[in-house]
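Please treat every number below as a calculation from the coordinates, not as lab data. Values in this document were obtained by computation on a predicted structure and should not be read as measured data. Reconstructed Cβ throughout: ideal geometry from the backbone, glycine too, with neighbour counts over all protein chains shown.
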Amino acid sequence: MRTNFQHLLIQEDNHVLKISMNRPEVYNAFNDTMLDELGEVLETAAQDAAVRCVVLTGTGRAFGSGQDLRSFATIQASRGDTPIKVSEHLRKYHRIVRAIRTMPKPVIAAVQGVAAGASCNIALACDMRIAADNARFIEAFARIGLIPDAGGGFFLPRLVGIGKAMELAMLADEVSGQEAERLGLVNRCVPLDEFEEATEAFAQRLAAGPTRAYALIKELMNQSLESDLETTLRFEGELQDIAINTADHREGVSAFLEKRHPHYQGN
Ligand code: LHQ
């Protein structure tokens, strides 16, 4: 896997791939290079069997501040009075959201400090979120007359319900780490001085789990978000047919019967 990125730091340890967005001087705002690099590394990680859990985080005092407004203003200015079609540019975000959702392994967002705009929504697209108690989630879009993008229109109402999603999107107020935990926006919020250790423990636990079953769980949950009971029951059967034939399932049952901890290989 390529590790020499301009705006990403990459660490691989014990089957956990940690991707740190690294433009701390702008709170890790997305420019084109960082968007492309993140898309690339996520797609590579999806294919790499040695990676069994991915952690997405930010350096400095933020997870990320969304689109780099300075670099986008330059593009806007160069167009003069011609209307801009931002949907082309948003494809770079869609590549990232798709890579996260289809990745056959867990992806955790580890959020400390600011997570605003598209960065907030990339965190919401991850499978789970761990936050430090200094986290500041901001659906910042309406502050500048925009609407949630980068998947926020899909994940936000599904995570917090339609009423709260409307409030967060329209008022664009900050949500603290503790409040995010209460709302179900994050899975857990921990004190900042325990954040790194807690994130690592969370990721290592997932990386030691039955990775193939996790991939099937993702498929099931993704499908369930857009489906009815009958279709979901049928799909559960199809996926369980796969899970029951995995080496990890056999190991799990053997470990249970032998009263020991299972050692999952991820297949
Ligand atoms: C930034 C940014 C930033 C550049 C902080 N850009 N420099 C998609 C497609 C096309 C167009 C538009 O958008 C999108 C999707 C989106 O993501 S829209 C939403 C874009 N993001 C925002 O609107 C958030 C903008 N940032 C803020 O409102 C504040 O910075 C927050 C509330 C995040 C943090 O406030 P503070 O804690 O007071 O920090 P700060 O404002 O002092 O920021 C620290 C530095 O980071 C500062 O630089 P400086 O040189 O002055 O120290 C900021 O200019 C820079 N920065 N966000 N998105």
Item to check | Elements of type helices (runs of 4 or more DSSP H) in segment 167-267, at least 3 residues being of a type in the set (A, V, I, L, M), in contact (Cβ under 8 Å) with a residue 40 or more places away in the chain and touching an Asp or Glu at 6+ places or on another chain (Cβ under 6 Å) | outcome: none
Checklist entry - Which pairs have Cβ atoms under 9 Å, sit 6 or more apart or on different chains, and link a residue in segment 83-94 that is among the β-branched types (Val, Ile, Thr) to one that is near the ligand (Cβ under 8 Å from one of its atoms) and assigned to a loop (DSSP other than H, G, I, E, B)? => result Val86/Leu146; Val86/Asp149
Next on the checklist: Pairs please, first residue from segment 24-36 and in contact (Cβ under 8 Å) with a residue 60 or more places away in the chain, second anywhere and more than 7 Å from the ligand (Cβ to nearest atom) and in a helix (DSSP H, G or I), Cβ atoms under 6 Å, 6+ apart in sequence or on different chains.
Outcome noted: Leu35/Lys92
Item to check | Qualifying residue in segment 57-73 (condition: part of a helix (DSSP H, G or I), among the charged types (D, E, K, R) and closer than 24 Å to Arg129 by Cβ) | outcome: no
Next on the checklist: Checking the structure you have, find out if any residue of segment 156-169 is in contact with a strand residue (DSSP E or B) (Cβ under 9 Å, 6 or more places away or on another chain), within 19 Å of Ile122 (Cα to Cα) and within 16 Å of the ligand (Cβ to nearest atom).
Outcome noted: yes
Next on the checklist: Take the residues in segment 90-114 that are within 12 Å of the chain's Cα centre (by Cα) and outside any helix (DSSP H, G or I); name whichever of them is nearest to the ligand (Cβ to nearest atom).
Outcome noted: Val111
Checklist outcome for this item: Those residues of segment 38-74 that are within 16 Å of the ligand (Cβ to nearest atom) and of a type in the set (Gly, Ala, Ser) come to a total of 9
Next on the checklist: Looking at segment 152-175 only, could you name the residues that are buried (at least 16 other Cβ atoms within 10 Å of the Cβ) and touching a Leu at 6+ places or on another chain (Cβ under 9 Å)?
Outcome noted: Gly152, Phe154, Phe155, Leu156, Leu159, Val160, Lys164, Ala165, Leu168, Ala169, Val175
